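> Shown below is the structure under consideration.
The values are calculated or read from the model by the stated rules, or taken from the named source; none is laboratory data. Computed from a predicted model, the values in this text were never measured in an experiment. Here Cβ is always computed from backbone atoms with ideal geometry, including for glycine, and neighbour counts include all displayed protein chains. The area values use the complete protein model at the heavy-atom level, side chains included, leaving out ligands, DNA and RNA. Shrake-Rupley method; radii C 1.70, N 1.55, O 1.52, S 1.80 Å.
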Amino acid sequence: MTGIEEVRKILRELGIEKELLRPDARLRAHLGLDSVDLTQIQLALTERCDTPVDLWSEHDFTLRQLADVVGDHRPRAGARGEYRDRGWWRPEFLDDVVLNTRAHTGHRAALVDAEHTFTRAGLDAAVSGCAARLAHTGIRPGDAVLVQLPNRARTLILTLALVRLGARPVLALPALREHELERVLTALAPTALAVPVRHQRFEHLRLAEKLSERHPSVRTLLVSDAGDRAVGHVDIDRLIEAGDPPPAAQGRHPSDTALFLLSSGTTGAPKAIARTHEAIGHMTRCAAAVSGLTPRSVFLAVLPVTHGFAFASPGVLGTLARGGKVVLADPNDAATAMSLIERERVTHCALTPALARQWLLARAASSGHDLSSLRVLQVGGARLDESTAARLHRVFGCRIQQVYGMSEGLLNFTRLDDPPEVAFSTQGRPSSPGDEILVVDGEDRPVPQGETGELLVRGPSVITEYHGGVAATSFTPDGYYRTGDLVRRHASGNLVVTGRVKDVINRGGEKIPADELEALVLAHPGVRAAAAVAMPHRALGEAVCLYVVGGDERVPTLPELRRFLEDSGLARFKLPERLVEVPALPLTAVGKTDKVRLRQDIVTRLGTES
């Protein structure tokens, strides 16, 4: 039973009519519950769900917010106690762990971007001041707030301030557009959106205003770089100064949802992933340990910090929790990254394979920077080929650590003492000692050592349910998460990723579900049938090739189709980069589109052209 189903069941037992139990219905304002009812709900939640919750604060919970507190990713029965008994889950709040000034020196630099440098004490004060000002804007504990901001100090300060306030930031990539965000807003009903006015030529504020008109839950727009366009909105830059401490979040508990990550969208639109203080704290601690982070470490964040890899795997959270320093930079400027490594004496950085190849080109073009401080280059988001791993090691003279993970919780790392032949050719093993993995065939039977199968995982790092109970078939009855990835076990004990169970195109680490793209393409009047497949790309690894069968009208050109898809609200990284018109799509013996033949066809076409 999902969290919201449990809440509805309790309310129906109080005599509340079923049709009134909408997700956005508030307990006091809409359902008219009195003090006796509230006490009864608290007792029921504690008894049935092991979830203490305080309903006596000023905040009037909606059903959806109460369901979030219950926890949409509850572990299987008995597991929570084991995780706590073994010290994997600790009674700590995420913001306190990350901003701890008792264990780590407060006067040392902790966060640097192009405009600011914050000491650890200054960062903690800015987070508290921001949380206090957010409370004055009307944001309350339990509220979801979408955070779609680029790599700036304000992004991290705002996110941690929301966590400290007891609100739930929803971390969204700046690349997501209307098509993806519409579904996220429908699922989570955020009360506020945090966006830049404009970023990389896209008008984020304009889209946020459009979305807020369609979603009445959105009461506030938090805007950065606002200037004259801040009128009627909240200027984020005025929130992040030191100030009074925020009001105490009544009833806050480490088992509460601290924030929401979004899935990579490999099977459709992004799904919301609730992460508790306990679970994300454990995941980040383990990742930081196997990454060799110390108080002297300097982590350069060039990947988007609203993605799980750069945020908490171990990323900025793991670095700060270890007492190190975080440097924020633009992901698209390899030359600037080199200068930052030299200036800030960077020790760690996380890249995708596509970005790593850009770094190799940038280093070849300009070898003047001193990169001797660099100790570890982590590469994940897509499989890194062995030859590129060896080149990175040779050119940058540091450890190459492959990272294979997912926002759902599992994080695999090659170890820093793995020999090169293992570090360059495998994708690591779980960083958490409690995470269990199975490699199974199509009937969920374990495959022999060394054979390929689908990876299943469960443990203290891993969710057992998506928010709202969607995609329930992604989880087995005994609590394993079906990753959808095909892997085999290496003799070293590490995993080797060999592909996907479902049809997904991995464009430089960005996952593009083919069926989602095909459905949007088929809405074009000039298209009768369509199939999207991965084609080799020198820099990105894979890109989208679209095979199209024309309709009654002429087949649209590639630029026309890209404009159509972008106007439909599709993220730009999902746009096709090649269009092939065919009279009919090839079919398999059972009548499905034969994508194996299409992939072979585009490889042949590219080979002939080259």
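> If His136 passes every condition in (1) under 22 Å from the mean Cα position of the chain (by Cα); (2) without any contact (Cβ under 8 Å) to a residue 40 or more places away in the chain but one, which one does it miss?
That leaves (1) as the condition not met.
> Look through the stretch 398-425, keep the residues that are more than 21 Å from Tyr481 (Cβ to Cβ) and among the hydroxyl-bearing types (Ser, Thr, Tyr), and return whichever of them is surrounded by the most Cβ atoms within 10 Å (Cβ to Cβ).
Only one residue fits best here, namely Thr414.
> Do we have any residue at all in the stretch 263-279 that's more than 15 Å from Ser461 (Cα to Cα), touching a helix residue (DSSP H, G or I) at 6+ places or on another chain (Cβ under 9 Å) and either of a type in the set (D, E, K, R) or at pLDDT 95 or above (or both)?
Yes, the stretch 263-279 contains a residue that is more than 15 Å from Ser461 (Cα to Cα), touching a helix residue (DSSP H, G or I) at 6+ places or on another chain (Cβ under 9 Å) and either of a type in the set (D, E, K, R) or at pLDDT 95 or above (or both).
> Filter the stretch 222-246 down to residues that are under 12 Å from Ile139 (Cβ atoms) and modelled with pLDDT of 90 or more, then give me how many there are.
Final tally of qualifying residues: 3.
> Another question, then. Restricting attention to the stretch 526-537, does a residue exist that is closer than 29 Å to Pro331 by Cβ, open to solvent by less than 50 Å² (accessible area, probe 1.4 Å), in contact with a Lys or Arg (Cβ under 6 Å, 6 or more places away or on another chain) and not β-branched (Val, Ile, Thr)?
no
> Going by the structure shown, is Arg102 within 24 Å of Glu278 (Cα to Cα), in a loop (DSSP other than H, G, I, E, B) and open to solvent by 10 Å² or more (accessible area, probe 1.4 Å)? Before the answer, list the steps.
Working: within 24 Å of Glu278 (Cα to Cα): yes; in a loop (DSSP other than H, G, I, E, B): yes; open to solvent by 10 Å² or more (accessible area, probe 1.4 Å): yes.
Here the answer is yes, as Arg102 does meet what is asked.
> Can you find a residue in the stretch 22-36 that is assigned to a helix (DSSP H, G or I), within 20 Å of Ser255 (Cβ to Cβ) and at pLDDT below 85?
no
> Here's another thing I want to ask about it. What number of residues within the stretch 324-337 satisfy the criterion of being part of a helix (DSSP H, G or I) and either modelled with pLDDT of 95 or more or touching an Asp or Glu at 6+ places or on another chain (Cβ under 9 Å) (or both)?
So the count comes out to 2.
> In the stretch 278-294, which residue that is assigned to a loop (DSSP other than H, G, I, E, B) and either under 11 Å from Val376 (Cβ atoms) or among the hydrophobic types (A, V, I, L, M, F, W, C) (or both) is most open to solvent (accessible area, probe 1.4 Å)? Give the derivation first.
Taking the stretch 278-294 first, the residues assigned to a loop (DSSP other than H, G, I, E, B) are 291-294.
With either under 11 Å from Val376 (Cβ atoms) or among the hydrophobic types (A, V, I, L, M, F, W, C) (or both) added as a condition, the list becomes 291-293.
Details: Ser291: 1, Gly292: 34, Leu293: 6 Å².
Filtering first and then ranking leaves Gly292.
> Next up: Give me the pairs, please: first residue somewhere in the stretch 100-120 and within 23 Å of Ala329 (Cα to Cα) and touching a residue at least 24 places away in the same chain (Cβ under 8 Å), second residue anywhere and crowded, with 16+ Cβ neighbours inside 10 Å and among the aromatic types (Phe, Trp, Tyr), beta-carbon distance under 8 Å, and either six or more positions apart or on two chains.
Ala109/Phe118; Ala110/Phe118; Leu111/Phe118; Val112/Phe118
> While we're on this one: Kindly indicate whether Gly380 is under 21 Å from Phe299 (Cα atoms), open to solvent by less than 50 Å² (accessible area, probe 1.4 Å) and touching a residue at least 12 places away in the same chain (Cβ under 8 Å).
For Gly380, the condition - under 21 Å from Phe299 (Cα atoms), open to solvent by less than 50 Å² (accessible area, probe 1.4 Å) and touching a residue at least 12 places away in the same chain (Cβ under 8 Å) - is met.
> When the residues of the stretch 1-26 are narrowed to those that are in contact with a helix residue (DSSP H, G or I) (Cβ under 8 Å, 6 or more places away or on another chain) and of a type in the set (A, V, I, L, M), which ends up most open to solvent (accessible area, probe 1.4 Å)?
Taking the candidates together, the pick is Met1.
> Can you confirm whether Asp515 is part of a loop (DSSP other than H, G, I, E, B), surrounded by fewer than 21 Cβ atoms within 10 Å (Cβ to Cβ) and on the phi < 0 side of the Ramachandran plot?
Working: part of a loop (DSSP other than H, G, I, E, B): no; surrounded by fewer than 21 Cβ atoms within 10 Å (Cβ to Cβ): yes; on the phi < 0 side of the Ramachandran plot: yes.
Considered against the rule, which asks whether it is part of a loop (DSSP other than H, G, I, E, B), surrounded by fewer than 21 Cβ atoms within 10 Å (Cβ to Cβ) and on the phi < 0 side of the Ramachandran plot, Asp515 comes out as no.
> Give me the residue from the stretch 217-266 that is on the phi < 0 side of the Ramachandran plot and assigned to a helix (DSSP H, G or I) and, out of that set, most open to solvent (accessible area, probe 1.4 Å).
Ranking the candidates gives Arg238 first.
> For the stretch 156-206, name all the residues that are open to solvent by 20 Å² or more (accessible area, probe 1.4 Å), closer than 20 Å to Glu516 by Cβ and part of a helix (DSSP H, G or I).
Glu178, His179, Glu182, Arg183, Thr186, Ala187
> Has the stretch 114-123 got any residue that is within 25 Å of Glu278 (Cβ to Cβ), modelled with pLDDT of 95 or more, in contact with a Lys or Arg (Cβ under 7 Å, 6 or more places away or on another chain) and open to solvent by less than 20 Å² (accessible area, probe 1.4 Å)?
Checked the stretch 114-123: at least one residue is within 25 Å of Glu278 (Cβ to Cβ), modelled with pLDDT of 95 or more, in contact with a Lys or Arg (Cβ under 7 Å, 6 or more places away or on another chain) and open to solvent by less than 20 Å² (accessible area, probe 1.4 Å).
> Still on this structure, please answer the following. For the stretch 132-140, indicate whether the set of residues that are within 15 Å of Pro245 (Cβ to Cβ), out of contact with any strand residue (DSSP E or B) (no Cβ under 9 Å at 6 or more places or on another chain) and buried (at least 17 other Cβ atoms within 10 Å of the Cβ) is non-empty.
Yes, the stretch 132-140 contains at least one residue that is within 15 Å of Pro245 (Cβ to Cβ), out of contact with any strand residue (DSSP E or B) (no Cβ under 9 Å at 6 or more places or on another chain) and buried (at least 17 other Cβ atoms within 10 Å of the Cβ).
> Name the one entry in Ser387, Ser373 that is farther than 24 Å from Lys271 by Cβ, without any contact (Cβ under 8 Å) to a residue 12 or more places away in the chain and not acidic (Asp, Glu).
Numbers: Ser373 fails: without any contact (Cβ under 8 Å) to a residue 12 or more places away in the chain.
So the residue among Ser387, Ser373 that is farther than 24 Å from Lys271 by Cβ, without any contact (Cβ under 8 Å) to a residue 12 or more places away in the chain and not acidic (Asp, Glu) is Ser387.
> In the stretch 298-323, how many are open to solvent by less than 10 Å² (accessible area, probe 1.4 Å), in a loop (DSSP other than H, G, I, E, B) and farther than 17 Å from Leu160 by Cα?
Number of matching residues: 1.
> Still on this structure: Name the residues in the stretch 407-429 that are in contact with a helix residue (DSSP H, G or I) (Cβ under 8 Å, 6 or more places away or on another chain) and either under 28 Å from Ala472 (Cβ atoms) or of a type in the set (S, T, N, Q) (or both), would you?
Ser407, Gly409, Leu411, Thr414, Ser425
> If you don't mind, there's one more thing I want to ask. Filter the stretch 559-587 down to residues that are in contact with a helix residue (DSSP H, G or I) (Cβ under 9 Å, 6 or more places away or on another chain) and part of a helix (DSSP H, G or I) and give me whichever is surrounded by the fewest Cβ atoms within 10 Å (Cβ to Cβ).
The selected residue is Arg572.
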